[in-house]
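Q: Attaching a single structure in structure tokens format; questions to follow.
Derivation of every value follows stated rules applied to the coordinates shown; laboratory data play no part. Nothing here was measured: the structure is a model prediction, and the numbers come from that model. Please note: Cβ atoms are built from the backbone with ideal geometry, for glycine as well, and neighbour counts cover all protein chains shown.
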């Protein structure tokens, strides 16, 4: 996987204020962030009580 490259937008003093990414790199970054959020969700709920699938279906039918 190639690194994500961006161009910096700088102010009059040369301080970095923003980053420009091409759309392909932006989409890759959003996917990575989504994957991290999924892992965090799974980690937070790892001790939750499991509900059998047939019970979930019954609840949804109501």
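Q: Enumerate the residues in the stretch 1-33 having an amide nitrogen under 16 Å from the point lying 7 Å beyond the Cα of residue 40 toward its Cβ.
A: Under cut-off, by backbone N: 29-33.
Q: Helix 23-44 sits at what angle to the longest principal axis of the chain, using alpha carbons and giving 0 to 90 degrees rounded to 10?
A: 40
Q: Considering the values [x] 1.07; [y] 1.32; [z] 0.90, which represents Rg/Rh (Cα atoms, Kirkwood Rh) as calculated for the structure under consideration?
A: Here Rg/Rh (Cα atoms, Kirkwood Rh) agrees with entry [y].
Q: Please rank 30, 1, fewest neighbouring Cβ atoms within 10 Å first, as an exposure proxy.
A: Neighbour counts put them in this order, fewest first: 1, 30.
Q: Right, next: Can you sort 46, 37, 28 from fewest to most other Cβ atoms within 10 Å of each residue's own Cβ?
A: With the fewest neighbours first, 46, 37, 28 line up as 46, 37, 28.
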